[in-house]
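Please read the structure below before turning to the comments.
The values are calculated or read from the model by the stated rules, or taken from the named source; none is laboratory data. Everything numeric in this text was worked out from a predicted model, so none of it was measured. When the accessible area is computed, the model is the full protein with side chains, heavy atoms only, and any ligands, DNA or RNA have been set aside. Shrake-Rupley method; radii C 1.70, N 1.55, O 1.52, S 1.80 Å.
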Amino acid sequence: DSDSDSDSDSDDDSSASSADNKIDSTMMDSTLTTNKDNDIDSDDENFASKIASGMDSETGSDDNTSDDSDSESSDESSDESSEDGSSDEGPQAMDTDVGFDWGTGDAKQKRSTLSHDESSDSSDDDSVSDEDAQEKKSNHKSRKKVVEKKQEEKRISEIEQRMADGTADENPETTADFERLLASDPNSSENWIKFMAYHLSLADIEGARKIANRAFDRIEFRQEGEKLNVWTALIALESKYGTPKNFNDVVLRASQHNNPKQVYLRACEMLESKVDESNADDAVKEQVDQMFTKMCKKFRSKKTVWISHFKYLVKSARHDEAHDLRKRSLTSLPTYKHVEVMSKFAQLEYEHGSSERARTIFDALLDKHPKRMDLLFVCIDQEIKHGEIDAARRLFEKRVNPSSGQKRVKYSDKQMKSLFKKWYRMEDAHGDDERRMNVKMAAKEYVERSSLIK
């Protein structure tokens with residue numbers, strides 16, 4: 001009975017599957033017919049290819065249908081056989097060997113996929129890091145360019161502002177500023193000297209020399225004072241940065257184009273300042289002595305060169321040499337210049353030497369020229385300047401009320417009036433009321449005495 005039941009069930013299933021296959025084939029035939037009808041209306045050259053494609057699709061569908069029916073029938077038979085076996089022999093292990101690996105291949109594939117993903121991720125990270133580094137580098141360069149551009153724009157705006165305000169000409173800072181300033185006023189020695197100083201600040205000594213030579217060509221020949229200023233700046237440059245040979249060559253060139261006495265005086269002044277800066281270097285001192293000696297020999301009839309040399313010796317505390325120089329100057333200079341030269345020597349002694357030697361010189365001059373009020377006032381001014389107020393009072397009293405052994409000198413009323421006025425101003429500044437009263441009484445007595453004589 002059980003066998004008959006199973007046979008009937010299988011027959012029913014087969015009949016059902018055959019019915020389904022018929023329905024599917026009928027639907028496919030209708031679809032093919034429709035496609036054929038549609039394809040007939042197309043061009044003749046595509047008709048055969050379309051018919052062939054329709055037949056292939058029909059064949060594929062039939063195969064799929066048969067495969068489905070076979071799979072269904074095999075599943076049903078396997079179920080039935082499993083049920084029979086279970087009923088007869090009991091539970092059995094399920095056979096999983098169906099032609100492929102359930103987990104091993106997938107695990108391997110997953111591991112390979114993960115390793116590939118990790119390698120791709122690491123390569124992506126490396127590429128991203130490289131891109132980030134390049135991006136940072138490019139960003140740094142771009143920021144640097146932006147900063148430089150802003151600085152350049154700021155500098156240009158400052159230049160434009162200074163040009164608009166007029167401060168660019170007052171305080172030039174670049175070569176263009178100096179060139180523009182010189183183009184507007186080429187005869188200004190101050191501008192040329194500033195341009196030389198600008199090159200010296202850049203340690204460009206040769207450039208400063210070239211600027212000086214340009215100035216000699218650009219300044220008009222009538223502007224002798226302006227040219228002499230530039231020559232003086234060049235002499236100072238050579239005295240500080242050049243060699244003695246270059247210095248002497250520049251002095252010689254300058255003396256050919258300017259007043260030679262002024263050139264030598266300024267050259268000696270430069271060397272004298274160099275001696276002070278170098279703490280009395282022997283080589284520099286020898287160079288200065290040679291220059292002063294050459295100047296005094298070349299211009300022996302000029303009092304200014306002797307006074308300049310005497311000043312240098314007194315400042316250097318070389319008093320014996322200064323005394324010998326004073327004697328030689330009197331033999332070289334004309335007689336009418338002796339008084340002025342000796343007065344200058346005495347003033348220099350007050351300033352840099354001994355006050356006693358200065359008083360000796362002035363006393364000799366006043367004894368020889370008693371009516372020279374200018375010499376007396378110079379001597380009094382020096383005494384007051386150096387704080388010798390009592391010595392100044394003695395000089396006034398000696399001229400107003402000479403002692404019995406001295407010869408009375410008759411001065412004019414104008415001279416005596418200036419004498420009393422100067423005396424009173426001194427007492428007003430450095431004396432007291434009693435001293436000022438004494439000056440007034442002395443002036444009154446002198447007026448009364450002079451009126452009796454008349």
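For region 309-323, take each phi angle, set θ = phi - 60°, evaluate the Karplus expression 6.51 cos²θ - 1.76 cosθ + 1.60, and give the result in whole Hz per residue in order, putting x for glycine and proline.
Computed from phi, the couplings for region 309-323 are 5, 4, 4, 4, 5, 5, 5, 7, 6, 9, 6, 5, 5, 5, 5 Hz.
Just to verify a number: what accessible area does S418 come out at with the full protein assembly present, 1.4 Å probe, Å² rounded to tens?
S418 exposes around 40 Å² with every protein chain in place.
Whole-Hz ³J(HN,Hα) for each residue in region 209-220, computed from phi via Karplus 6.51 cos²θ - 1.76 cosθ + 1.60 with θ = phi - 60°, x for glycine and proline: what do you get?
5, 5, 5, 5, 5, 4, 4, 5, 7, 8, 6, 5
Once you treat every alpha carbon in region 355-402 as an equal point and sum by Debye, what is log10 I(q)/I(0) at q = 0.20 Å⁻¹?
-0.61
Can you send over the solvent-accessible area of I384, 1.4 Å probe, protein chains only, in Å² to the nearest 10?
In the full protein context, I384 sits at about 40 Å².
If you scale each eigenvalue of the Cα gyration tensor by 5 and take the root, what three semi-axes come out for region 231-290, rounded to whole angstrom and sorted largest first?
Three semi-axes, in Å: 19, 11, 10.
Taking only protein heavy atoms and a 1.4 Å probe, what accessible area per residue, in Å², does region 361-449 have with all protein chains in place?
For region 361-449, the per-residue accessible area is 63 Å².
Lysines near K444 by alpha-carbon distance under 19 Å, same-chain residues fewer than 8 away left out - which ones?
Reachable lysines: K398, K410, K414, K417, K421, K422, K454.
So, how do all the Cα-to-Cα distances of region 395-454 break down into 5 Å bins, in percent, from 0 on up?
4, 17, 27, 26, 17, 7, 2
Determine the alpha carbon to alpha carbon distance for each of K371/K407; K315/K371; K315/K385 and list only those over 22 Å.
K315/K371, as the Cα separations exceed 22 Å there.
So, how do all the Cα-to-Cα distances of region 340-430 break down into 5 Å bins, in percent, from 0 on up?
3, 13, 26, 25, 20, 11, 2, 0
Report D for region 184-234 in µm² per second (integer): Stokes-Einstein, Kirkwood Rh on Cα pairs, 4 °C, 1.567 mPa s.
122 µm²/s
Pop out the ³J(HN,Hα) list for region 288-297 in order, Karplus 6.51 cos²θ - 1.76 cosθ + 1.60 with θ = phi - 60°, rounded to Hz; leave Gly and Pro as x.
Computed from phi, the couplings for region 288-297 are 5, 4, 5, 5, 5, 4, 5, 5, 5, 6 Hz.
For K144, tell me the accessible area in Å² from a 1.4 Å probe, rounded to the nearest 10.
Counting only protein heavy atoms, the figure is 120 Å².
Where does region 239-368 land on Rg/Rh, using Cα atoms and the Kirkwood Rh?
On the Cα set of region 239-368, Rg over Rh gives 1.00.
Would you mind calculating the relative contact order of region 251-384 from Cα pairs under 8 angstrom and at least 6 residues apart, reporting the percent as a whole number?
Relative contact order here is 15 percent.
Just to make sure I understand: if all protein chains stay in place, what is the order of H430, H338 by accessible area at 1.4 Å, largest first?
H430, H338
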